[in-house]
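Everything below concerns the one structure shown next.
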Amino acid sequence: MKKSRLEAFSDGVLAIIITIMVLELKVPHAVELAALKPVLPVLLSYVLSFIYVGIYWNNHHHLFQATEQVSGGILWANLFLLFWLSLFPFTTAWMGENHLAAIPTAIYGFVLLMAGLAYYVLERAIIAKEGRESFLAQAVGKEWKAKISLALYLAAIPLAFLSSWIASALYLFAALLWLIPDPRIEKALKKREH
């Protein structure tokens with residue numbers, strides 16, 4: 001099965017996710033900068049989630065550049081990832097509207113954790129289909145950023161009940177780890193081209 005339909009569908013879903021998130025932003029009715037203060041948590045939650053969706057889109061793109069074909073298992077693994085990403089608008093709005101209250105902030109972390117696990121499942125499904133000696137298997141290596149990110153989400157979820165700001169800082173730190181696209185697959189693709 002060709003991968004182009006999966007990529008197009010995934011790109012469309014991610015575009016819709018971003019659109020839904022931005023539609024949750026409410027414009028202040030005043031013109032002073034002070035009018036932004038009440039909506040600042042919503043805006044900052046949106047920025048963080050936008051960064052995360054961008055990271056997933058970028059890495060998803062690289063992942064499928066390194067993939068030859070897809071199977072039914074890969075399609076389901078991709079849908080599993082898209083399911084968790086589709087919850088970003090809900091958890092983003094809930095966390096922002098409630099000014100980083102403990103439960104919404106913890107649930108946001110749970111969704112981040114599950115999206116990270118789903119991405120890992122997708123990557124493993126592709127490697128299972130293409131083999132341990134496949135291009136992707138060789139390119140991904142030890143996955144240290146993925147492991148650190150998952151550990152940060154796991155730590156942040158209970159920390160949200162002590163300090164939602166600390167939990168949010170951990171979510172931000174995990175995003176910053178991924179802000180620079182993962183060069184492993186890109187480097188491997190350049191080597192393969194030569």
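The values are calculated or read from the model by the stated rules, or taken from the named source; none is laboratory data. All values derive from a computational prediction rather than experimental measurement. Note that each Cβ is placed from the backbone with ideal geometry, even for glycine, and that neighbours are counted across all protein chains shown. Only protein heavy atoms, including side chains, enter the accessible area calculation; ligands, DNA and RNA are left aside. Shrake-Rupley method; radii C 1.70, N 1.55, O 1.52, S 1.80 Å.
Can you give me the number of residues within segment 123-145 that are among the basic types (K, R) and within 14 Å of H60 (Cα to Cα)?
Restricting attention to segment 123-145, the residues satisfying the condition of being among the basic types (K, R) are 124, 129, 132, 142, 145.
This time we only want the ones that are within 14 Å of H60 (Cα to Cα), so: 124.
Qualifying residue count for the region: 1.
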Conditions (1) in contact with a Lys or Arg (Cβ under 9 Å, 6 or more places away or on another chain); (2) modelled with pLDDT of 95 or more; (3) of a type outside the set (S, T, N, Q): number failed by W57
(1)
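Matching residues to (1) out of contact with any helix residue (DSSP H, G or I) (no Cβ under 7 Å at 6 or more places or on another chain); (2) open to solvent by 80 Å² or more (accessible area, probe 1.4 Å); (3) not aliphatic (A, V, I, L, M):
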| position | (1), (2), (3) |
| --- | --- |
| Y119 | no, no, yes |
| A125 | no, no, no |
| A128 | yes, yes, no |
| A137 | no, no, no |
| P158 | yes, no, yes |
| I166 | no, yes, no |
| L170 | no, no, no |
| A174 | no, no, no |
| W178 | no, no, yes |
Leading residue by the ranking (surrounded by the fewest Cβ atoms within 10 Å (Cβ to Cβ)) among those in segment 49-72 that are over 10 Å from the mean Cα position of the chain (by Cα) and outside any loop (DSSP other than H, G, I, E, B)
G72
When E193 is evaluated against the numbered criteria (1) touching an Asp or Glu at 6+ places or on another chain (Cβ under 8 Å); (2) open to solvent by 70 Å² or more (accessible area, probe 1.4 Å); (3) charged (D, E, K, R), which criterion, by number, is the only one it fails?
(1)
Please enumerate the residues belonging to segment 105-147 that are within 14 Å of the chain's Cα centre (by Cα), of a type in the set (G, A, S) and within 24 Å of K191 (Cβ to Cβ).
A146
